[in-house]
Amino acid sequence: MRGVRGEPVVPQLARVTVTLPPVDRAALVATRRDLHQHPELGFEEQRTSTLIAERLRQLGYAVRTAVGKTGVLAQRDGAAGRCVLLRADMDALPVEEANDVPYRSKHPGRMHACGHDGHVAIGLEVARRLHAAYLPGSLKLAFQPAEEISYGAEAMIRDGALDGPTVDAAFGIHLWNDLPTGTIGVMPGAVMASVDEFEITILGRGGHAAAPHQTTDPVLIAAHIVTGLQSLVSRRRNPFEEGVVSVTQLNAGHAFNVIPGRAELRGTVRTFGGQFFEHAPRLVEQTTQGIAAAFGATAEVRYRRLTAPLVNDERMTLLMTGVARNIVGRERVIAGVRTMGGEDMSFFLAKVPGTFAFVGSAPPGKPASPHHSPTFDIDEEALVIGAELLTRTVVEYLESGR
Ligand SMILES: [Zn+2]
Ligand SMILES: [Zn+2]
């Protein structure tokens, strides 16, 4: 979307003619709390997907289940026009809830600690409102499993979520406790990081702690590898490129007086793309092998790419920014919100243009617990804003294509 001089223009919403029923706040809260009490981990979302499929069928959508194992895909075909996809993730985390609330998780060791319960509630409310309206195009709703383990989006795409009709644009949101309720963070470009995982095994030679010269100590080698991997960020990365390396697990040994024969490390590399993203697998391998060899040990490196950076399309971001400004006001739409966290919505946005926005969900004036923490909770007022944002984005996108 460009102005006469080629500068980006935020679209005006004057042409929106679709009439929408008002947001049902009570239904949003009730659905979110119901889901919150019954959290399910990635690819185990049986109750959640059954509930979603039943609600969508009642509304009159054509519903496919088992799309990407436990995913649900709902479709409403328009006579003409383009096809827009909304994506809501639905999995919970292996976290024990520490909140004392009436809607506390009923399942020990599992919790909706990232807000995906809210995403599903929003998705269902958007589905209800849009089904009641005339739409100049087709709509798909993808309720996606297993975002937290990064495999759900790929699984849904493999099972045809973007085909028949072909999806032209995709939108999604994350409820975001780093922002106060009433604000929306949206910007073009990379806003969430690539996620790579590495696992390293160091094979040394065990022996007596009092006779290290008879051993090849993998604990010492592991310590050097941790330092070496940190040096990738400080010495091998262009400082103008964002990058994080975190070693998060280190297992070795079982006794104070025995040098073990092996050590295992695990960790993650995060980037917004660029050279460090390209070279990270090789750098981790070389650093590990070089250090292990220097100490006379061998090492095995398993390196996996989980998600690519999430990149928002410029045109679609302008469209969503216009919608967001209409809902919360120009000054409450914030550019520059990015995170080194990952999001497998990136798989959808690598295939079709679209945008992923952060909807503020921290109660204003109060400190909010971070995502994935046992005291995570959201300000439920944010559900209303999320539902408005996605509903009106769909309408604006389909209307603007005529
Ligand atoms: Zn999460
Ligand atoms: Zn999440």
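The values are calculated or read from the model by the stated rules, or taken from the named source; none is laboratory data. What you are looking at is a predicted structure, and each value in this text was computed from that prediction instead of being measured. FYI the Cβ positions are ideal-geometry reconstructions off the backbone, even for glycines, and counts take in every protein chain you see.
Quick one: is Val120 within 16 Å of ligand 1 (Cβ to nearest atom) and either out of contact with any helix residue (DSSP H, G or I) (no Cβ under 7 Å at 6 or more places or on another chain) or assigned to a helix (DSSP H, G or I) (or both)?
yes
Tell me whether the range 166-181 contains one or more residues that are more than 16 Å from ligand 1 (Cβ to nearest atom), of a type in the set (Asp, Glu), over 20 Å from the mean Cα position of the chain (by Cα) and in the same structural domain as Ala92 (by TED's automatic domain parsing).
yes
Are any residues in the range 232-248 in contact (Cβ under 8 Å) with a residue 40 or more places away in the chain and assigned to a helix (DSSP H, G or I), and if so, which ones?
Passing the criteria: Leu232, Arg236.
Among residues belonging to the range 144-162 that are of a type in the set (A, V, I, L, M, F, W, C) and within 9 Å of Phe347 (Cβ to Cβ), point out the one that is farthest from ligand 2 (Cβ to nearest atom).
Taking the candidates together, the pick is Ile157.
Scan the range 351-386 residue by residue and report those that are within 16 Å of ligand 1 (Cβ to nearest atom), surrounded by fewer than 23 Cβ atoms within 10 Å (Cβ to Cβ) and either within 17 Å of the chain's Cα centre (by Cα) or of a type in the set (Asp, Glu) (or both).
Once the filter is applied, which keeps residues that are within 16 Å of ligand 1 (Cβ to nearest atom), surrounded by fewer than 23 Cβ atoms within 10 Å (Cβ to Cβ) and either within 17 Å of the chain's Cα centre (by Cα) or of a type in the set (Asp, Glu) (or both), the range 351-386 yields Pro370, His371, His372, Ser373, Phe376, Asp377.
Can you go through Ala146, Ala133, Ala222 and tell me which one is part of a loop (DSSP other than H, G, I, E, B) and either at pLDDT 95 or above or more than 21 Å from Glu388 (Cβ to Cβ) (or both)?
From the options Ala146, Ala133, Ala222, the qualifying one is Ala146.
Give all pairs with beta carbons closer than 7 Å in which a residue from the range 90-103 that is closer than 14 Å to Gly152 by Cα meets a residue that is of a type in the set (Phe, Trp, Tyr) and within 16 Å of ligand 2 (Cβ to nearest atom); count only pairs at least 6 apart in sequence or on separate chains.
These pairs meet every condition: Met90/Phe143.
Would you point out which residue out of Arg87, Arg64, Arg57 is outside any loop (DSSP other than H, G, I, E, B), within 16 Å of ligand 1 (Cβ to nearest atom) and within 25 Å of Arg392 (Cα to Cα)?
When all the criteria are applied, what remains is Arg87.
For the range 149-175, what are the residues that are of a type in the set (D, E, K, R) and part of a loop (DSSP other than H, G, I, E, B)?
Asp159, Asp163, Asp168
Does Ile173 fit the bill of being modelled with pLDDT of 95 or more and among the hydrophobic types (A, V, I, L, M, F, W, C)?
Yes; evaluated as a whole, the condition is true for this residue.
Could you figure out which of (1) surrounded by fewer than 21 Cβ atoms within 10 Å (Cβ to Cβ); (2) within 16 Å of ligand 2 (Cβ to nearest atom); (3) in a loop (DSSP other than H, G, I, E, B); (4) on the phi < 0 side of the Ramachandran plot isn't true of Cys114?
Against the list (1) surrounded by fewer than 21 Cβ atoms within 10 Å (Cβ to Cβ); (2) within 16 Å of ligand 2 (Cβ to nearest atom); (3) in a loop (DSSP other than H, G, I, E, B); (4) on the phi < 0 side of the Ramachandran plot, Cys114 comes up short only on (1).
Condition (residue is away from ligand 2 (no atom under 16 Å from the Cβ), touching a helix residue (DSSP H, G or I) at 6+ places or on another chain (Cβ under 6 Å) and without any contact (Cβ under 8 Å) to a residue 60 or more places away in the chain) applied to the range 205-212: is it met by at least one residue?
Yes; the residues of the range 205-212 include at least one that is away from ligand 2 (no atom under 16 Å from the Cβ), touching a helix residue (DSSP H, G or I) at 6+ places or on another chain (Cβ under 6 Å) and without any contact (Cβ under 8 Å) to a residue 60 or more places away in the chain.
Does Val101 satisfy the criteria of being within 24 Å of the chain's Cα centre (by Cα) and at negative phi?
No: the conditions fail for Val101.
Picking from Met345, Met316, which residue would you name as being in contact with a strand residue (DSSP E or B) (Cβ under 8 Å, 6 or more places away or on another chain), touching a residue at least 12 places away in the same chain (Cβ under 8 Å), in the same structural domain as Ala153 (by TED's automatic domain parsing) and more than 16 Å from ligand 1 (Cβ to nearest atom)?
The conditions single out Met316.
State the number of residues belonging to the range 176-196 that are assigned to a loop (DSSP other than H, G, I, E, B) and among the β-branched types (Val, Ile, Thr).
3
Working only within the range 90-111, note down all residues that are among the polar types (S, T, N, Q) and either away from ligand 1 (no atom under 16 Å from the Cβ) or buried (at least 24 other Cβ atoms within 10 Å of the Cβ) (or both).
Hit for the range 90-111 is Asn99, nothing else.
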